[in-house]
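Please read the structure below before turning to the comments.
The values are calculated or read from the model by the stated rules, or taken from the named source; none is laboratory data. In this text the structure is predicted, and so the values were computed from the model without any measurement. We place every Cβ from the backbone using ideal geometry, glycine too, and count neighbours over all the protein chains shown. When the accessible area is computed, the model is the full protein with side chains, heavy atoms only, and any ligands, DNA or RNA have been set aside. Shrake-Rupley method; radii C 1.70, N 1.55, O 1.52, S 1.80 Å.
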Amino acid sequence: YHFGENLVPWWSLVDHGSIPFWDYVPARGLINYLDGGIAALMFGHTAADIVATAPLIQCLTLLAGIVTLSMLIGVLPAAGAFLLMPILVNLNQVDIFNTAVLAVLVIAYPRVSRVAWLMLWISLGTVSFLLAPAQGGALVVATMPLGIWQALRAFREQPVVLFRMTGVLVVVSVV
């Protein structure tokens, strides 16, 4: 079943032109297209090529997770966290991606303006939701109080910049 989750979305897109979330709803979101896309880019379009990409995808995912998490808690604790996670739960790409997104949001919170953080939160939340609707949606809901707080503060302190950036975000979303 899980192998088919990664095989069918790419196959339906490339061979049948099925548009994600319109003609075909992937089981876990756009993350299911990653294996097929990288396999097609690096090897070919066969099922065996998708299997061959699994170690590469895991390495790249762990690298992204460790880099972002180490910026927050340090290299050794981040490496330790990723080494211990598979013992406790079945670690997958979605979990690592959401951990990285959360780390980026926490790192950016004191370092960027309120409007910039808000736009980052909206952008990463949207990408996270599209990649994995269930877990990405949970990430957005969990960070929503912080997003609302930042929006209120941005509205009080930088209303013109907030409205300008909201307009840009709407235009980008429409496109």
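Backbone amide hydrogens, once placed in the peptide plane, bring TYR24 within less than 5 Å of ILE19, excluding anything fewer than 5 places away on its chain. Per residue, the average separation of C-alpha pairs within less than 8 Å and at least 6 apart gives the chain a relative contact order of 18 percent.
Working from label points 7 Å from Cα in the Cα-to-Cβ sense, the ALA138 to VAL67 distance is 2.6 nm.
FRET efficiency for the VAL174 to ARG111 pair, using the beta carbon distance and R₀ = 30 Å, is estimated at 0.55. FRET efficiency for the LEU146 to LEU84 pair, using the beta carbon distance and R₀ = 25 Å, is estimated at 0.40. By the Cα gyration tensor, the stretch 28-89 has an equivalent ellipsoid whose semi-axes, rounded to whole angstrom, run 28, 12, 10 from largest to smallest. The phi-based Karplus calculation (6.51 cos²θ - 1.76 cosθ + 1.60; θ = phi - 60°) puts the 3J(HN,Hα) values of the stretch 25-41 at 9, x, 4, 10, x, 5, 4, 5, 8, 4, 4, x, x, 5, 4, 5, 5 Hz, whole numbers, x for Gly and Pro.
Within the full protein context, the accessible area of TYR24 is estimated at about 60 Å² for a probe radius of 1.4 Å.
Quarter the surface of the alpha carbon convex hull of the stretch 1-62 and you get the mean projected area, 4.0 square nanometres. Using C-alpha pairs below 8 Å separated by at least 6 residues, the relative contact order for the stretch 57-156 is 25 percent. Taking 41 Å as R0, compute the FRET efficiency from the Cβ-Cβ separation of ARG156 and THR126 and round it to 0.05. Given R0 = 41 Å and the Cβ-Cβ separation, E is 0.95.
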